[in-house]
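Here the structure is laid out as structure tokens; the discussion comes afterwards.
The values are calculated or read from the model by the stated rules, or taken from the named source; none is laboratory data. Just so it is clear, the structure is predicted and the values come from calculations on it, not from any experiment. Every residue, glycine as well, gets a Cβ built from its backbone with ideal geometry; the counts of neighbours run over all protein chains shown. These area figures cover heavy atoms from the full protein model, side chains too; ligands, DNA and RNA do not enter into them. Shrake-Rupley method; radii C 1.70, N 1.55, O 1.52, S 1.80 Å.
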Amino acid sequence: MIYSMTGYGKSVLQLPTKKITIELKSLNSKNLDLNARMPSIYREKELAIRKQLADALVRGKIDFSIYVEVTGEDTSSQINKPVVKQYINQLKDVVDGDAIELLKMAVRFPDALNTVREEIDDNEWKAIQTEINNAVTKLTAYRLDEGNVLEKDFTERVSTIENILEKVIEMDPLRVEAVRERLLKGVEELKEKYDENRFEQELVYYIEKFDITEEKVRLKNHLNYFIETLKTKDSNGKKLGFISQEIGREINTIGSKSNYAPMQQLVVQMKDELEKIKEQLLNVL
């Protein structure tokens, strides 16, 4: 089971005087990169929110937002009536004007509004924490759905590599024979006498040098290990990335040792499938 790092979760809390919307967006990242946006009243809780999200989401580029929409009569700003009246009186001494126009000017001056600092109500904060958990749950479900799609894709591509590897195994005797014939032809073209026993010894040494038996076995084991890791309880994109590197190492070695064009073509096909796996692994949690 694997989780994608891509996800989205949203939860809405309706209070008597305001509506609070919580949004979570997640993209892939090597580590946890958390960006939090919220009204100043909740800033004192930011560290607690960050810890809550870090424990739940582990890794990824996370955008967390709290939006507040006032729906009741409560407001944190009030008109400072004495100050506004003084401004209006002073403006009357300067210019004759309509009372409404003077009021519009007065409320723009400093201290015309008193902003009362709000305090977070404990019950409100508990309700917000619950909604944050709800948003995290939705994002995690989204990640799991995306992970299931990725897991299916990985399984199909690993199966394709395994099928190509079987073709490589079937082709290997032909490759050895082709190498033998090519060397023998090269020696015969020299039109020189040669010790057949010595030639056979050198031929065996050459073929052993380019033997790919160990690489084929290791590649098969790495492919099996990749699938086993996919099916474990925990999602571990980094571990899968390490295994894919080992798979690539064996494929590259087979390619460098093959010395046979048809086999090298199969190696290119395996490399192509592996590159697609690596690209998708960047998005696995």
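Between N148 and E44, what is the label-point separation in nm under the 7 Å Cα-to-beta-carbon projection?
Computed distance between label sites E44 and N148 equals 4.4 nm.
Let me have the 222 nm mean residue ellipticity of the chain computed from DSSP H runs of 4+ only, each contributing -39500 (n - 2.57), with the sum over all residues rounded to the nearest 500. The partial results should precede the final answer.
Values: 8 runs with 177 residues, N = 285.
Rounded to the nearest 500, the figure is -21500 deg cm²/dmol.
Starting from one equal scatterer on each C-alpha and no solvent at all, send me the Debye-based log10 I(q)/I(0) for segment 215-285 at q = 0.25 Å⁻¹, two decimals.
-1.12
Can you give me the pair-distance distribution of the chain, C-alpha pairs, 10 Å bins, whole percents?
That works out to 6, 19, 16, 14, 12, 10, 8, 6, 5, 3, 2, 1, 0, in percent per bin.
Membrane-span-like helices in the chain: DSSP H runs reaching 27 Å or more (Cα, own axis), mean Kyte hydropathy at least -1.0?
Working: long enough: 122-189 (93 Å, -0.55); 237-258 (31 Å, -0.47); 261-281 (30 Å, -0.54).
The qualifying helices are 122-189, 237-258, 261-281.
Mind giving me the FRET efficiency for D272 and Q52? R0 is 45 Å, r the Cβ-Cβ distance, nearest 0.05 is fine. All intermediate terms of the calculation are to be shown ahead of the outcome.
Numbers: r = 42 Å, r/R0 = 0.94.
Plugging the Cβ-Cβ distance into 1/(1 + (r/R0)^6) gives 0.60.
Taking the DSSP beta bridges in the chain as the whole, what percent of them are antiparallel, to the nearest 5? Display every interim value, and only then the final one.
Details: 22 of 28 bridges.
Among the beta bridges of the chain, antiparallel pairing accounts for roughly 80 percent.
Got the relative contact order for the chain handy, in percent, Cα pairs under 8 Å and 6 or more residues apart? Let's see the in-between values first.
Working: 355 pairs, mean separation 75.2, N = 285.
Worked out over the chain, it gives 26 percent.
Check segment 23-106 and count each lysine pair with an alpha-carbon distance under 16 angstrom, considering only pairs eight or more places apart or from different chains.
On the way: K25/K61; K30/K61; K51/K61; K81/K104; K85/K104; K92/K104.
For segment 23-106, the number of qualifying lysine pairs is 6.
Positive end of the dipole of the chain, charges at C-beta (+1 Lys, Arg; -1 Asp, Glu), about the Cα centre: which of L203, M1, L34 has its Cα farthest in that direction?
The residue sitting most towards the positive pole is L34.
Give, in whole angstrom and from largest to smallest, the semi-axes √(5λ) of the equivalent ellipsoid of segment 137-240, with λ running over the eigenvalues of the Cα gyration tensor. Could you put the intermediate results ahead of the total?
On the way: eigenvalues 479, 30, 15 Å².
Equivalent ellipsoid semi-axes, largest first: 49, 12, 9 Å.
Can you give the accessible area per residue of the chain, in Å², using a 1.4 Å probe? Numbers along the way, then the final one.
Details: 17610 Å² over 285 residues.
Here the residues of the chain average 62 Å² of exposed surface.
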